[in-house]
Amino acid sequence: MCLILLAWRAHPEYPLVVAANRDEVHTRPSAAAAFWEDRPEILGGRDLECRGTWMGITRAGKFAAVTNYRDANGAGGRLSRGLLASRYLENGDAPGEYVRGLAGAAYRGFNFLAGDLEELWWVSNRAAGARRLEPGIHGLSNHLLDTPWPKVARGKERLAGALETAPAVDQLMALLADTSIAPDAELPDTGVGLERERALSAARIVSPVYGTRCSTVLMVGRSGRTRFAERAYDAEGDEGATVQYELRLAA
């Protein structure tokens, strides 16, 4: 995913709220969010090329999500970054234990979030050490946690507004659907050129080769009742199917 907005213990009824966009080349084969046939305790989309995921949750409340770190030289390992998430969801490690044991050199630049019902951690192989998140609203794109790129800063503000009442799936999907381009003066310089920086500055990227493939909303209630919704987009940016799930997490 290339935009993750999350509220961790920032709402009295929803300990975890996530609104995220997955940006990827349109030709990469993927499966829409579902409970996995081979691991039915896991709910999430799936990369059919390497069998990882960009975001998922288990019935026991383990949560994972990943973004790429934008690095023009592409230095690093060759393992799919989606395996960071799928391997965490599949094993029995606590989130802190898992992130501290990662071999970051095996992957190209990444940001990784791993949590459960008690704690939430962030780690990047482009930063020193893992960090346990404090309650609040956080944002990730293709740099480090809470780097104030325009879509991260705007997204955090809009997520905070959504949390003033009870958050709703449609409201969070609308937040993620923003295709506006940031002014040039606000753009980062990540080595990909000005035209590319402009295109990538939108919360939802519309491009025939690489763009937003889906938007995902996750809302975990204090009682364990959880909603998970995913909306697909095609290469023209047209809206596709939306799938929704409700489950109650194990205590």
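The values are calculated or read from the model by the stated rules, or taken from the named source; none is laboratory data. This one's a predicted model, so the numbers in the text were calculated from it and none came from an experiment. Cβ atoms come from the backbone with ideal geometry, glycine included; neighbour counts cover every protein chain shown.
Worth pointing out:
- Qualifying position, being small (Gly, Ala, Ser), more than 23 Å from residue 15 (Cα to Cα) and touching a helix residue (DSSP H, G or I) at 6+ places or on another chain (Cβ under 6 Å), among 77, 109: 77
- Residues of region 201-209 include none that is in contact with a strand residue (DSSP E or B) (Cβ under 8 Å, 6 or more places away or on another chain) and either among the polar types (S, T, N, Q) or at pLDDT below 95 (or both).
- Among the residues listed as 22, 87, 46, the single one being within 23 Å of residue 168 (Cα to Cα) and not in a loop (DSSP other than H, G, I, E, B): 22
- Scanning region 225-249 for residues that are in contact (Cβ under 8 Å) with a residue 24 or more places away in the chain and loosely packed, with under 12 Cβ neighbours inside 10 Å returns 236, 241, 248.
- Considering region 1-38, the residues that are surrounded by 21 or more Cβ atoms within 10 Å (Cβ to Cβ) and among the small types (Gly, Ala, Ser) include one that is farthest from residue 219 (Cα to Cα), namely 33.
- Residue check: residue 215 meets all listed conditions (1) in a loop (DSSP other than H, G, I, E, B); (2) among the hydroxyl-bearing types (Ser, Thr, Tyr); (3) modelled with pLDDT of 95 or more but one, namely (1).
- Which numbered condition residue 212 fails, given (1) among the polar types (S, T, N, Q); (2) closer than 19 Å to residue 31 by Cα; (3) surrounded by fewer than 21 Cβ atoms within 10 Å (Cβ to Cβ): (3)
Yes or no, residue by residue, for (1) out of contact with any Lys or Arg (no Cβ under 8 Å at 6 or more places or on another chain); (2) hydroxyl-bearing (Ser, Thr, Tyr); (3) buried (at least 23 other Cβ atoms within 10 Å of the Cβ):
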site: 79; (1), (2), (3): yes, no, no
site: 105; (1), (2), (3): yes, no, no
site: 113; (1), (2), (3): yes, no, yes
site: 120; (1), (2), (3): no, no, yes
site: 125; (1), (2), (3): yes, no, no
site: 132; (1), (2), (3): yes, no, no
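- Residue satisfying condition, being of a type in the set (D, E, K, R), out of contact with any Cys (no Cβ under 6 Å at 6 or more places or on another chain), more than 26 Å from residue 197 (Cα to Cα) and outside any loop (DSSP other than H, G, I, E, B), within set 97, 118: 97
- Only one entry of 204, 222, 154 meets the criterion of being on the phi < 0 side of the Ramachandran plot, surrounded by fewer than 18 Cβ atoms within 10 Å (Cβ to Cβ), touching a residue at least 12 places away in the same chain (Cβ under 8 Å) and among the basic types (Lys, Arg), and that entry is 222.
- Scanning region 52-69 for residues that are surrounded by fewer than 24 Cβ atoms within 10 Å (Cβ to Cβ) and of a type in the set (Phe, Trp, Tyr) gives a single hit, 69.
- Flag if residue 65 is free of Cβ contacts under 8 Å to residues at least 24 places away in the same chain, under 21 Å from residue 169 (Cβ atoms), outside any helix (DSSP H, G or I) and not charged (D, E, K, R): no
- Considering 97, 41, 90, 49, the condition of being of a type in the set (D, E, K, R) and surrounded by 16 or more Cβ atoms within 10 Å (Cβ to Cβ) is satisfied by 90 alone.
- Residue among 174, 168 that is more than 17 Å from the chain's Cα centre (by Cα) and either closer than 21 Å to residue 55 by Cβ or modelled with pLDDT of 95 or more (or both): 168
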